[in-house]
Amino acid sequence: MAQQSREPVYLTPAGRKRLEDQVARYTKAVDEWRSGGSAAPGGEDRGDAAERLMEADSLAPTQDLLARTQEVLDRALPMPEGPDDGIVRLGSTVTVRDEGGAVSHYMVVDPAEFDDGEAQVSANSPVGRALLGQGCGGQVAVALPEGRQVLTIEAVEPYRERTP
């Protein structure tokens, strides 16, 4: 079994909430499966028992996701506010312009927090790795599936916790 990392994971409040919601969904799925399996052995016919075994096999990935997500939350710390020095760090929101002139805004987040539906880039993705440590006005070359892309860093905003 692979040893789990004890390195801290820095999460924004939204990222922590998203992971906590995932734990709740995974826990509910596991609990629902367990509550459906209360029939006494021998009380099920062979078809029901076989169906239950297939359900148990499909439940294993959910249990694994639950354990991994909970382990991340156990290591989670609040994202610290960053200095306003124009350097891209975890939590920074970066404005970049590509070679075609298209402008994009990304928050660089820990891979555990990354959510494809938001304007985020994972710190371990090609774009995230290229941006980290770079400064405003700099250029980075990124190897993407569609080819090499040069991005110009137009602005870097340090992480600041948003107040409601």
Look through the stretch 126-139, keep the residues that are buried (at least 18 other Cβ atoms within 10 Å of the Cβ) and without any contact (Cβ under 8 Å) to a residue 40 or more places away in the chain, and return whichever of them is farthest from the chain's Cα centre (by Cα). 130
Looking at the stretch 103-116, can you tell me whether even one residue there is under 13 Å from residue 12 (Cβ atoms), under 19 Å from the mean Cα position of the chain (by Cα) and free of Cβ contacts under 8 Å to residues at least 12 places away in the same chain? yes
Picking from 72, 108, the residue that is aliphatic (A, V, I, L, M), surrounded by 13 or more Cβ atoms within 10 Å (Cβ to Cβ) and not assigned by TED's automatic domain parsing to the domain that holds residue 26 would be 108
Out of all the residues in the stretch 82-95, which are surrounded by fewer than 21 Cβ atoms within 10 Å (Cβ to Cβ), out of contact with any Ser or Thr (no Cβ under 8 Å at 6 or more places or on another chain) and in a strand (DSSP E or B)? 87, 93
Given the criteria in contact with a Gly (Cβ under 7 Å, 6 or more places away or on another chain), closer than 21 Å to residue 152 by Cβ and free of Cβ contacts under 8 Å to residues at least 60 places away in the same chain, does residue 88 qualify? no
Check on residue 77, in a strand (DSSP E or B), of a type in the set (A, V, I, L, M, F, W, C) and in contact (Cβ under 8 Å) with a residue 60 or more places away in the chain: yes
Take the stretch 94-149 and flag every residue that is among the small types (Gly, Ala, Ser) and within 30 Å of residue 23 (Cβ to Cβ). 112, 117, 119, 122, 123, 125, 128
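The values are calculated or read from the model by the stated rules, or taken from the named source; none is laboratory data. Everything quoted here is computed from the prediction, not taken from an experiment. Using ideal geometry, Cβ is built from the backbone for each residue, glycine included, and neighbour counts are taken over all protein chains shown.
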